[in-house]
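Encoded as structure tokens, the structure appears first; notes follow it.
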Amino acid sequence: MTVAIPLVDLAALHAPLRAEIDTALARVVSSGRFILGPEVEAFEAALSAYVGVRHAVGVSSGTAALQLALLAAGIGPGDEVITVSFTAVATVAAIQLVGAQPVLVDIDPTRFTLDPERLVSALTRRTRAIVPVHLYGCPADLGPILAFAERNRLIVIEDCAQALGAQYQGRPVGARGHFGAYSFYPTKNLGALGDGGAVVTNHDVFAQRVRELRQFGWRDRYISESVGVNARLDELQAAVLAVKLPYLKAWNARRQQIATCYAMTLVDAGVELPHCPDACEHVFHQYVIRTRARDRLRFNLARQGVATWIPYPKAVHQQPAYAGRVRTPTGLAHSELATSEILALPIHPGLTDEEVAQVAEAVYQGIREPDFPTGSRAMR
Ligand SMILES: *Cc1c(COP(=O)(O)O)cnc(C)c1O
């Protein structure tokens, strides 16, 4: 008898931390201070130390983090920003929020991240920034991206929403570009009990701008020095994040251990396994396999109680709101093919070794089982 295996299990993740979390929440409630106070400051200090950057600024979401980084860099209407189409829609939404034009390029299909070779054909006189996305927790190929940006005097904003703790050539992602943007959406590797995000940077001026822009451009209360937004991190979320951050290393290590286990057990399963590039540390926000039999495999896994996920079923340029409204100078064949072949297996840190073995066994079986019954193709 098999037991259902969920994709994420936040209640189980929090259970051993409940006393600490409850204490932190009670402290904030008693303090009577709920927005931008000592809890946010303490979490910002802990996060900047963790990433190894001079500044971390807590904000209201990952989308807000990207938006504020773009605003702080002075990017707006008339400017173009290069990113990928194979990403969370939030990456592209943030570019549009500041009024800039998203220019979407194709991915390197071996790591699912921005292909640096595509940058040259996307460059125009209006290009101002590049937003590489460390998708699934795998670092994008930052070396050539940063070199291209430097040659062309472009700003680099790393979308690290899925990659807190990942490393590129021995350094955490987010620390190499002008800005790193993080999300603390509950299911991210470090999640709040609601929305949250952060911008990190080594540039004092940029940090100061983000601090002002997250609260109406205020330097002093009620005096706007610039046109900002309301994108503040609240004290309750910051207090919870500060409790959880010290555990992140162990959680990411457990994700890596599960990935290693899948890699060994699925080596001849007949599916393509994720690949961690040399000199990179992948933190496996998602464990994404590829197969042309994706829909059949997904159906068979569901029958065996294994939950799976498709991140993402459509690239951004294929979505109704964006089709025809974004520039796509390179063609997006790899992005489109990926949407039809990818499948994310459970990899949350609470999975037991037995559950991991059960998932692997189910994949093994599921890929071999013949066709699925009629009507199941609609399942998504
Ligand atoms: C989650 C995510 C975001 C957005 O973060 P929110 O906190 O949900 O606004 C941006 N980019 C990527 C790649 C993400 O996965």
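All but one of (1) open to solvent by less than 40 Å² (accessible area, probe 1.4 Å); (2) out of contact with any strand residue (DSSP E or B) (no Cβ under 7 Å at 6 or more places or on another chain) hold for SER60, so report the exception by its number.
So the condition that SER60 fails would be (2).
Of everything in segment 42-79, what is under 14 Å from GLY174 (Cβ atoms), part of a helix (DSSP H, G or I) and of a type outside the set (Phe, Trp, Tyr)? Give them in sequence order.
If the condition is that a residue be under 14 Å from GLY174 (Cβ atoms), part of a helix (DSSP H, G or I) and of a type outside the set (Phe, Trp, Tyr), then GLU44, LEU47, SER48, ALA49, VAL51, GLY62, ALA65, LEU66, ALA69 are the ones that fit.
Test of understanding: among ARG290, ARG298, ARG303, which residue is buried (at least 21 other Cβ atoms within 10 Å of the Cβ) and more than 18 Å from the chain's Cα centre (by Cα)? Show your work before the answer.
Values: ARG290 fails: buried (at least 21 other Cβ atoms within 10 Å of the Cβ); ARG303 fails: buried (at least 21 other Cβ atoms within 10 Å of the Cβ).
From the options ARG290, ARG298, ARG303, the qualifying one is ARG298.
For segment 306-325, which positions are open to solvent by 20 Å² or more (accessible area, probe 1.4 Å) and either free of Cβ contacts under 8 Å to residues at least 12 places away in the same chain or assigned to a loop (DSSP other than H, G, I, E, B) (or both)? Before you say what the answer is, go through the steps one by one.
Step one: filter segment 306-325 for residues open to solvent by 20 Å² or more (accessible area, probe 1.4 Å), giving 307, 309, 312-314, 317-325.
Correct list: ALA307, TYR312, PRO313, LYS314, GLN319, PRO320, ALA321, TYR322, ALA323, GLY324, ARG325.
Check ARG232 against each of (1) without any contact (Cβ under 8 Å) to a residue 24 or more places away in the chain; (2) crowded, with 16+ Cβ neighbours inside 10 Å; (3) among the charged types (D, E, K, R) and name the one condition it does not meet.
Going through (1) without any contact (Cβ under 8 Å) to a residue 24 or more places away in the chain; (2) crowded, with 16+ Cβ neighbours inside 10 Å; (3) among the charged types (D, E, K, R) one by one, ARG232 breaks only (1).
Regarding segment 41-53, can at least one residue be identified that is within 16 Å of the ligand (Cβ to nearest atom) and in contact with a Leu (Cβ under 8 Å, 6 or more places away or on another chain)? Lay out the reasoning, then the answer.
So the first thing to find is which residues in segment 41-53 are within 16 Å of the ligand (Cβ to nearest atom), and the list is 43, 47.
Keeping just the survivors that are in contact with a Leu (Cβ under 8 Å, 6 or more places away or on another chain) gives 43, 47.
Within segment 41-53, one or more residues are within 16 Å of the ligand (Cβ to nearest atom) and in contact with a Leu (Cβ under 8 Å, 6 or more places away or on another chain).
Is segment 251-262 home to any residue that is buried (at least 19 other Cβ atoms within 10 Å of the Cβ) and within 26 Å of LEU71 (Cβ to Cβ)?
No; the residues of segment 251-262 include none that is buried (at least 19 other Cβ atoms within 10 Å of the Cβ) and within 26 Å of LEU71 (Cβ to Cβ).
Conditions: (1) within 16 Å of the ligand (Cβ to nearest atom); (2) part of a helix (DSSP H, G or I); (3) of a type in the set (Lys, Arg); (4) open to solvent by 20 Å² or more (accessible area, probe 1.4 Å). LYS244 meets all but one. Number of the miss?
Unmet for LYS244, out of (1) within 16 Å of the ligand (Cβ to nearest atom); (2) part of a helix (DSSP H, G or I); (3) of a type in the set (Lys, Arg); (4) open to solvent by 20 Å² or more (accessible area, probe 1.4 Å): (4).
Residues are listed down the side, and each one gets a yes or a no for (1) within 16 Å of the ligand (Cβ to nearest atom); (2) in contact with a Pro (Cβ under 6 Å, 6 or more places away or on another chain):
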site: VAL173; (1), (2): yes, yes
site: PHE184; (1), (2): yes, no
site: LYS188; (1), (2): yes, no
site: GLY194; (1), (2): yes, no
site: GLN215; (1), (2): no, no
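Would you mind telling me which numbered condition in (1) of a type outside the set (Ser, Thr, Tyr); (2) surrounded by 24 or more Cβ atoms within 10 Å (Cβ to Cβ); (3) away from the ligand (no atom under 11 Å from the Cβ) GLN67 fails?
The single condition GLN67 does not satisfy is (3).
For segment 329-380, how many residues are among the charged types (D, E, K, R) and either at pLDDT below 95 or not in a helix (DSSP H, G or I) (or both)? Talk me through it step by step, then tell me what you get.
We begin by selecting, within segment 329-380, every residue among the charged types (D, E, K, R); these are 336, 341, 353-355, 361, 368-369, 371, 377, 380.
Now restrict to residues that are either at pLDDT below 95 or not in a helix (DSSP H, G or I) (or both): 368-369, 371, 377, 380.
Qualifying residue count, segment 329-380: 5.
Taking the options VAL81, VAL89, name whichever one is within 16 Å of the ligand (Cβ to nearest atom) and open to solvent by less than 30 Å² (accessible area, probe 1.4 Å). Before you say what the answer is, go through the steps one by one.
On the way: VAL89 fails: open to solvent by less than 30 Å² (accessible area, probe 1.4 Å).
The unique qualifying residue is VAL81.
Among the residues of segment 23-34, are any modelled with pLDDT of 95 or more, in a loop (DSSP other than H, G, I, E, B) and not hydrophobic (A, V, I, L, M, F, W, C)? So that I can check it myself, show each step before the final result.
So in segment 23-34, the residues modelled with pLDDT of 95 or more come out as 23-34.
Among the residues that remain, those that are also in a loop (DSSP other than H, G, I, E, B) are: 32-34.
Going one step further and asking which of them are not hydrophobic (A, V, I, L, M, F, W, C), we end up with 32-33.
Yes, segment 23-34 contains a residue that is modelled with pLDDT of 95 or more, in a loop (DSSP other than H, G, I, E, B) and not hydrophobic (A, V, I, L, M, F, W, C).
Could you please find all residues in segment 296-323 being of a type in the set (Phe, Trp, Tyr) and in contact with a helix residue (DSSP H, G or I) (Cβ under 7 Å, 6 or more places away or on another chain)?
Keep residues of segment 296-323 that are of a type in the set (Phe, Trp, Tyr), which gives 299, 309, 312, 322.
Selection gives PHE299, TYR312, TYR322.
The values are calculated or read from the model by the stated rules, or taken from the named source; none is laboratory data. Quick caveat, the model's predicted, so the values are computed rather than measured. So basically every Cβ, Gly included, is an ideal-geometry build from the backbone, and we count neighbours across all protein chains shown. What goes into the accessible areas is simple: the full protein's heavy atoms, side chains included, and nothing from ligands, DNA or RNA. Shrake-Rupley method; radii C 1.70, N 1.55, O 1.52, S 1.80 Å.
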